[in-house]
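The values are calculated or read from the model by the stated rules, or taken from the named source; none is laboratory data. As the structure is a prediction and not an experimental result, all values here were calculated from the model. A quick note on method: Cβ atoms are made from the backbone with ideal geometry, for glycine too, and the neighbour counts reach across all protein chains shown.
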Amino acid sequence: MRLGLGLWALVLVLCTWYCCSLNFVLGTLFLSFVLHVLLSLPTFFLCWIWYWARVQRYYADHTSFQAARFRSTVSGGGVFALWFGNALLFLLSLGLGWSWIIVRNMRYYTSCLSMVGALELELRLF
């Protein structure tokens with residue numbers, strides 16, 4: 001995530017330098033460009049949430065144990081609600097709610113995970 005934000009910052013700096021090197025006046029065109037770049041960051045974040053949900057479903061759907069396979073029902077809306085709640089919890093508790101955030105994440109992802117198929121376990125005592 002930090003690499004993505006760093007990359008956006010680099011693009012912003014390079015485009016700013018390019019615009020200034022062409023002797024653009026700090027008028028409406030430049031300010032419009034900066035506004036569009038700044039608005040693209042929240043859009044990228046929203047797209048990232050749905051991508052993250054898809055990655056979680058992919059990992060679960062391609063994991064198996066013996067004849068049993070895992071299925072995930074993680075959705076983008078659920079992840080958005082989880083992350084939004086986690087951000088509020090983190091900000092309102094001044095970071096002291098970090099352990100609750102971890103618990104919330106684990107509860108959500110495990111509640112969306114199920115095992116499909118027969119699992120044959122054999123108990124051997126020595």
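Checked against the criterion of being outside any helix (DSSP H, G or I), surrounded by 15 or more Cβ atoms within 10 Å (Cβ to Cβ), at pLDDT 90 or above and among the aromatic types (Phe, Trp, Tyr), region 77-97 contains not a single residue that satisfies it. For Leu46, the requirement of being over 18 Å from Ser111 (Cα atoms) and modelled with pLDDT of 80 or more is met.
Output the residues belonging to region 49-81 that are among the aliphatic types (A, V, I, L, M) and either free of Cβ contacts under 8 Å to residues at least 24 places away in the same chain or at positive phi (or both). If the condition is that a residue be among the aliphatic types (A, V, I, L, M) and either free of Cβ contacts under 8 Å to residues at least 24 places away in the same chain or at positive phi (or both), then Val55, Ala81 are the ones that fit. Name, by its number, the condition in (1) surrounded by 14 or more Cβ atoms within 10 Å (Cβ to Cβ); (2) polar (S, T, N, Q); (3) touching a residue at least 24 places away in the same chain (Cβ under 8 Å) that does not hold for Asn105. Answer for Asn105: the failing condition is (3).
Being assigned to a helix (DSSP H, G or I) and in contact with a strand residue (DSSP E or B) (Cβ under 6 Å, 6 or more places away or on another chain) is the requirement here; does Arg71 meet it? The answer is no for Arg71.
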